[in-house]
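Each value in this text was obtained by applying a stated rule to the coordinates, not by laboratory testing. All values reported here derive from a predicted model rather than from experimental measurement. Here Cβ is always computed from backbone atoms with ideal geometry, including for glycine, and neighbour counts include all displayed protein chains.
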Amino acid sequence: GSMNAQDYASAKSIYQEASGLKPTESYPKSQITKIEGILKEQSRLASEQQALDEKYTGLIAQADGSMNAQDYASAKSTYQEASGLKPSEAYPKAQIVKIEGILAEQARLTSEQQALDEKYTGLIAQADGSMKAQDYASAKSSYQEASGLKPAEAYPRKRLDEIDEILKEREVEKANQLALDRDYNKAIDRGDEFMKRIKYSDAKVAYEEALRIKPSEDYPADKMEEIKQLLEQIASKNAEKEAIEVKYKTTLDRADGLFESKKYSEAKESYKEALEIKPREVHPDRQIKRIERILEVLNQEKAKREEKERKFNKAMENGELYLARGEMAVARHHFKVAIEVMPEKELPRRRLEEIDQIVAEKQRAENEENALAQKNDTKTKNDLEKDQKYLDCIENGDKAFANRQWGVAKFYFKKAQLLKGDEDYPAKQLLAIEKANVLDKIDQKESVFHTTLLRGDEEFEKKNYSVAKHYYRRALSMKKGENYPLKQIEKIDQLIRNSKDSKLNARYTAEIKKGDEAFEKGNWSVARFYYKRAKQLKPNETYPEEKLKAIREVLAKN
């Protein structure tokens, strides 16, 4: 009965008592052995169960601790392990279900929080961008929305306070700006009105006031620079006007002096120069007309004189021709005609004297020859006389040559040639006489030509280039193709061109210098004005455009 009830300890005690009663009986002994095996197995099983229970209890405690610490992932893992030890236990399964519910809720909440954070971050970024762009209305709206999402966050509230402060300052600035704009516009209007009335000093004061109100504005600075240029132009025009007056008076005085000296053609040119300087003046015009009348009379007189000279020259040419032929009576007639035409001329009188000398010499020679023929002297005596005659002819020829009595000299040298044809000297002197005759005819023209060139050189040295050019042109009219006056005219034209280029370069350099000075000081509008002026003077120069580009870049950054 105790075995069935598995009251192994009681059964064992009874079997031991029975065995004691009957020690030889094997049954109680085998039962005792069997009971001891069962008890041993039960002890082993009890020990294992105890260990399982302890491990399960530890896992549950650990899982509960993780649960309390809200370490749901660790708790779930531990509950799953405990449930594996005792699958029939409901508690770990219930806890696992509970944890899964919590984790699902946490995931939902995390997702919502992440969406909230993303929206908040986006709104803050949007608001910061608007703030940077000074779009304060948009920035304020975004910061307010962000603050509504996260009321505890201080950043959007701080930025909203800043925006309120900025907007307040802007209202004040706007009011101040309106006042500035009003004062600025009044000053500009005053300046513009004064400019219309050509009151540049008053306009400058008004523009200076406008620039003081708004130092960064280009318009008043440009207008002030315009006024400066206008005042410089006025000063330049006054100086130019004064220079014109001086030049006009100098030219007029020279013209009057030439007129008094009866140098009418030169005076006329000077009066024309004076009229070019001051076209409306009456005196030069009146004098030009007066000179034209005088020149007309002089031309008439010149025509008469030229006719007389033509007749005189013709008579002289005929006289020289017949004198050369030895037809003294005909030559004498023509030289007398020349004297009748122009009694003041000395040359035909000298020629008559030469004819008289030649005729007298011929008569003397004839007398001598007659005397010699009558004497019938010896040949030696004749040769000596011939030599003496030759020497006398040479002496008389040289004397006439020295006195520029070309006809007489020519007669004696030809006679010497007849006496001694093998001598070179008479031929040489006859050639010199021909050259001297030619020079006599051109001497007067050469003298006028060289005098005109000298006048041109004098004016050139004085740098009176237009006057010098006039004289060189007159010289050219006397000798066309002459090299020296042509070169001088080219030199004058080059000097005038160089002078113009030099003035342009000086103006360009001055504008660039002013522009650079203003650029270094940061006066962009003034610098821009001068660089534009320089660019107008020399459009092909790149420097002004480079500086203008640099100014545009600086203003764009600011």
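Think of it as helices only: each DSSP H run of n ≥ 4 in the chain is worth -39500 (n - 2.57), and spread over all residues that comes to -31000 deg cm²/dmol at 222 nm. Could you name the lysines in cross-link range of K22, using Cα to Cα under 30 Å and dropping any fewer than eight places away on the same chain? Those lysines meeting the cut-off are K12, K34, K40.
Peptides 540-549, 311-320 ordered by packing proxy, namely the average of other Cβ atoms within 10 Å per residue, highest first: 311-320, 540-549. Placing unit charges on each Cβ (+1 for Lys and Arg, -1 for Asp and Glu) gives the chain a dipole about its Cα centre, and among G101, S466, V359 the Cα reaching farthest toward its positive end belongs to V359. For K196 and D218, the difference between the fully extended length at 0.36 nm per residue and the C-alpha to C-alpha distance is 6.0 nm.
Legend: calculated FRET efficiency, T57 to E153, from the Cβ-Cβ distance at R0 = 35 Å, rounded to 0.05, equals 0.15. The calculated FRET efficiency for the pair E173 and R108, based on their C-beta separation and a Förster distance of 51 Å, comes to about 0.55. Straight-line cross-link reach from K186 at under 24 Å between alpha-carbon atoms covers these lysines, not counting any fewer than eight positions away in the same chain: K174, K196, K199, K204, K214, K223, K228.
Remark: spin-label model distance A73-R290 equals 12.5 nm, labels positioned 7 Å along the Cα→Cβ axis. Going down the list K272/K538; K428/K480; K389/K410; K132/K158, which pairs span over 24 Å between their C-alpha atoms? In this structure, K272/K538; K428/K480 lie more than 24 Å apart at Cα.
Placing +1 on the Cβ of each Lys and Arg and -1 on the Cβ of each Asp and Glu in segment 139-250, which of S147, G191, L211 has its Cα farthest towards the positive end of the resulting dipole? The listed residue farthest towards the positive side: G191. Around R293, under 12 Å between beta carbons, what's the net of Lys plus Arg minus Asp minus Glu among the other residues? Residues close to R293 contribute a combined charge of +2.
Can you bin segment 229-281 into rounded, prolate or oblate? Criterion: square roots of the alpha carbon gyration tensor eigenvalues sorted a ≥ b ≥ c, rounded for a/c under 1.5, prolate for a/b above b/c, oblate for the rest. Prolate. In terms of the mean number of neighbouring beta-carbon atoms within 10 Å, the peptides 501-512, 253-264 order highest first as 253-264, 501-512. Specify whether the C-alpha gyration tensor of segment 93-243 places it in the rounded, prolate or oblate class, a ≥ b ≥ c being the square roots of the eigenvalues: rounded for a/c under 1.5, otherwise prolate if a/b is larger than b/c and oblate if not. Because a/c hits 1.5 or more and a/b exceeds b/c, segment 93-243 counts as prolate. Each part reduced to its alpha carbon centroid, segment 92-123 and segment 49-88 end up 24 Å apart. Here the relative contact order of segment 136-220, from alpha carbon pairs under 8 Å that lie six or more residues apart, stands at 20 percent.
Projecting the Cα positions of G407, V172, L52 onto the charge dipole of the chain (unit charges on Cβ atoms of Lys, Arg, Asp and Glu, taken about the Cα centre) puts G407 furthest along the positive direction. The structure shown yields Cα extents along the principal axes in Å, and of the options [x] 242, 75, 28; [y] 85, 56, 53; [z] 133, 54, 40 that calculated value carries the label [x].
Averaging the Cα positions of each part gives two centres, and for segment 14-33 and segment 215-241 these lie 146 Å apart.
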